[in-house]
1. Please go through (1) within 20 Å of ASN298 (Cβ to Cβ); (2) away from the ligand (no atom under 13 Å from the Cβ); (3) touching a strand residue (DSSP E or B) at 6+ places or on another chain (Cβ under 8 Å) for LEU209 and return the number of the only condition it doesn't satisfy.
2. Limited to region 122-157, what total is found for residues that are aromatic (Phe, Trp, Tyr) and within 15 Å of the ligand (Cβ to nearest atom)?
3. Listed residues ILE173, ILE164; which is at pLDDT 95 or above and within 10 Å of the ligand (Cβ to nearest atom)?
4. For region 279-306, how many residues are assigned to a helix (DSSP H, G or I) and within 14 Å of LEU318 (Cα to Cα)?
5. Inspect all residues belonging to region 296-316 and state whether any of them is under 24 Å from PHE182 (Cα atoms) and aromatic (Phe, Trp, Tyr).
6. Scan region 215-225 and give yes if some residue there is more than 14 Å from the ligand (Cβ to nearest atom), assigned to a helix (DSSP H, G or I) and at pLDDT 95 or above, otherwise no.
7. For region 237-280: of the residues being more than 11 Å from the ligand (Cβ to nearest atom) and among the small types (Gly, Ala, Ser), which is farthest from VAL121 (Cα to Cα)?
Amino acid sequence: MNKMLSKIWLALIALAFFVSCSQQNAQQTLTLQGRTMGTTYHLTLIAQSELLEQSKIQSEVDAILEDVNDKMSTYRPNSELSLLNQNLSTDPVGLSADTAKVIGQAIELGELTQGALDITVGPLVNLWGFGPDGRPNKVPSFEKIEQVKTHVGLDKIQLDGSLIRKADPKVYIDLSSIAKGFGVDQVADYLESIGINNYLVEIGGEMRLNGQKADGSQWRIAIEKPVSFDRAVQQVIEPGDAALATSGDYRNYFEQDGVRFSHTIDPTTFKPINHKLVSVSVIAPSCMEADGLATALNVMGPEKAFDFAKKHDLAVYLVVKSDSGFDVLFTEQFKPYMK
Ligand code: FAD
């Protein structure tokens, strides 16, 4: 009888242990969204319910993104970056660690891409109407471009740790090509710091993913067809634990006399890009890197971008306009992600 009782007790203890483990392991899904950087953000988080404190996470995420805006937005006149742009001194200026990190990565990618990514194109971005002052919707005069371009060039800024020095007082830095990716990374790092390791973080199309969905399957992402009039799927991918950024000229542009002028500026011509590459998607470990590389490859045009991606072993997917519609080019490194 005693033996029997102890067996029942053991079974009950085992059952209690199993119930408490499965309760602990019960995964919940939390979705959050909001606005930042002139666009939207979406988060999908999967974790044990006690980790998913909705209001706490949302307010932390908003605070993180506000901080990035306060530091790196050219749309806020009092951001750290705007104050640097307004400062006409050539003396060294101290930067926050975050802004120095993003400018440092942008300079590195600028050098790697031989100036295709150039964060000093700000005056041209603004002149062509794609900056914070809005869009003139017309081609600027030759004289104006000639005047403004003299202040453009990565050789006009020097970063030394967290100190930046402008060689030309009128240098104006625009971090729109890369700071959105940094924002995604900041949010992802925060989620990991609170123990949430299954997530999809997306800001304006740039994203970082980790872990799995609630049913244990891989995150699936759709790369959009590069058309301005519709939202259709170009390619479904499973990037795994990685970041994905897409750069294209099919949403942010104006047309004059049947010619399309997009927000991506070629720093060698000082004009919006003019080639058949319409969308570039890059998978990289960090979203900041993916974001900056996607813009740089978009500047290069299809052949140069594809050669660059192959040479540097990048996971890249290009959509190129053709007579019959669109052609696609992708590197060996991108292939395993395609579904
Ligand atoms: P991407 O290809 O990632 O970047 C293109 C942008 O980079 C261009 O728009 C231009 O600004 C710049 N650029 C162009 N050519 C080059 C080049 N050769 N090298 C380097 N840079 C280049 N938009 C708003 O409307 N309102 C806001 O309040 C606002 N706030 C923002 C705050 C922050 C911190 C950031 C980073 C961006 C903000 N934006 C805002 C900008 C908006 O989100 C942009 O449209 C976006 O950053 C461009 O991203 P994309 O993915 O469309 O293109």
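The values are calculated or read from the model by the stated rules, or taken from the named source; none is laboratory data. It should be emphasised that the depicted structure is a prediction, and the values quoted were computed from it without experimental measurement. As a convention, Cβ positions derive from the backbone with ideal geometry for all residues, glycine included, and neighbour counts pool all protein chains shown.
1. All conditions are met except number (1).
2. Of region 122-157, the ones aromatic (Phe, Trp, Tyr) are 128, 130, 142.
Right, trim to within 15 Å of the ligand (Cβ to nearest atom) and you get 128, 130.
Counting residues in region 122-157 that are aromatic (Phe, Trp, Tyr) and within 15 Å of the ligand (Cβ to nearest atom) gives 2.
3. Numbers: ILE164 fails: within 10 Å of the ligand (Cβ to nearest atom).
None of the others qualify; the one that does is ILE173.
4. Step one: of region 279-306, the residues assigned to a helix (DSSP H, G or I) are 287-300, 302-306.
Among the residues that remain, those that are also within 14 Å of LEU318 (Cα to Cα) are: 290, 293-300, 302-306.
Result for region 279-306: 14.
5. Taking region 296-316 as the starting set, the residues that turn out to be under 24 Å from PHE182 (Cα atoms) are 296-300, 305, 308-309, 312-316.
Applying the additional criterion that residues be aromatic (Phe, Trp, Tyr) yields 308.
Looking through region 296-316, at least one residue is under 24 Å from PHE182 (Cα atoms) and aromatic (Phe, Trp, Tyr).
6. From region 215-225, those more than 14 Å from the ligand (Cβ to nearest atom) are 215-222, 225; that's our starting set.
Then drop every residue that is not assigned to a helix (DSSP H, G or I), which leaves none.
The answer is no, given that none of the residues of region 215-225 is more than 14 Å from the ligand (Cβ to nearest atom), assigned to a helix (DSSP H, G or I) and at pLDDT 95 or above.
7. Kept after step one, since they are more than 11 Å from the ligand (Cβ to nearest atom), are these residues of region 237-280: 237-244, 254-261, 274-278.
Now drop any that are not among the small types (Gly, Ala, Ser), which leaves 240, 242-243, 258.
On the way: GLY240: 34, ALA242: 29, ALA243: 25, GLY258: 25 Å.
The selected residue is GLY240.
Residues are listed down the side, and each one gets a yes or a no for (1) of a type in the set (Lys, Arg); (2) within 19 Å of the chain's Cα centre (by Cα):
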position	(1), (2)
GLY181	no, yes
ALA188	no, yes
ILE194	no, no
TYR199	no, yes
LEU209	no, yes
ALA222	no, yes
GLN235	no, yes
ALA243	no, yes
ARG260	yes, no
